[in-house]
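The values are calculated or read from the model by the stated rules, or taken from the named source; none is laboratory data. These figures come from a predicted structure and were not determined experimentally. With ideal geometry, Cβ positions are generated from the backbone for all residues, glycine too; neighbour counts draw on all protein chains shown.
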């Protein structure tokens, strides 16, 4: 009988205690927890297509951008999500300032104009959109009035209690509105303006996507909103038309970012989701039946009917300044213009 000769090196390996493999390395996660500020109506498309492409299932919580920021801040010691998806760049600036985000810059940024890049390395841009006035066509026809075409037009007495606007304390859309007016008129002029506008506001809402639906349902004559949110009810057949302030309007750069301290087992999935979101594939899902957001990837086609920002008078909106001053400006608005009670 032949003797089996076992190398001493193998004997040593068998005798050594088994190495403990970290739990995160033992199981490849097939899920990803996301906080998102995009409307519920759009999310099944984006998340469903991502799962088809990758096999990774998204578990998400939908909140307005201001609420996402507040929630991530409250969970700073024990984050419950890995990605923040959607909302204006200035909200991400505020989050990064508070140490709530992890640096990550997608390789897809090579296809995105540098004007949209986050120099601090936290946020990844994937769409843009300008502030507009969504108008109920039936109300204006009945009243025989022209659509508003300036910020001062919104102060006219005929619009008393006919304007729907979100609260900047909860809504990224309305914080962009607030920061736009401050940058156009200075702080003293802005507070004077919002005190006058407050007389015409029917109700402040939580989400920036709510005002155009108020207009579509005939609950308000005018909704101040991003153009992509205003175009959605018009596409669905509601009596809504858009107008833009000729004296200048602000805009958002919508972003996605890693939440600091998110689950380690989801990190690879989170980066993969960000890359997919910035890709041509992800950005060409902004079709009219889902959204009118303008993609920023040069390779992606804009949805038909979307508003070309080159046709608008857009101010040199300083999103970094807006993010750094968010807390102070929101507190002043809440104190002197309107509290956050009973938001719709």
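Scan the stretch 273-287 and give yes if some residue there is assigned to a strand (DSSP E or B), on the phi < 0 side of the Ramachandran plot and surrounded by 18 or more Cβ atoms within 10 Å (Cβ to Cβ), otherwise no. No, that holds for no residue.
Does residue 292 satisfy the condition of being buried (at least 24 other Cβ atoms within 10 Å of the Cβ) and part of a loop (DSSP other than H, G, I, E, B)? Yes; evaluated as a whole, the condition is true for this residue. Just one of the numbered conditions (1) surrounded by fewer than 18 Cβ atoms within 10 Å (Cβ to Cβ); (2) under 24 Å from residue 147 (Cα atoms); (3) touching a strand residue (DSSP E or B) at 6+ places or on another chain (Cβ under 8 Å); (4) modelled with pLDDT under 95 is not true of residue 344: (2). Quick one: in the stretch 97-127, which of the residues that are without any contact (Cβ under 8 Å) to a residue 60 or more places away in the chain and assigned to a helix (DSSP H, G or I) is surrounded by the fewest Cβ atoms within 10 Å (Cβ to Cβ)? Among those that are without any contact (Cβ under 8 Å) to a residue 60 or more places away in the chain and assigned to a helix (DSSP H, G or I), it is 114. Number of residues in the stretch 158-180 that are part of a helix (DSSP H, G or I) and in contact (Cβ under 8 Å) with a residue 40 or more places away in the chain equals 10.
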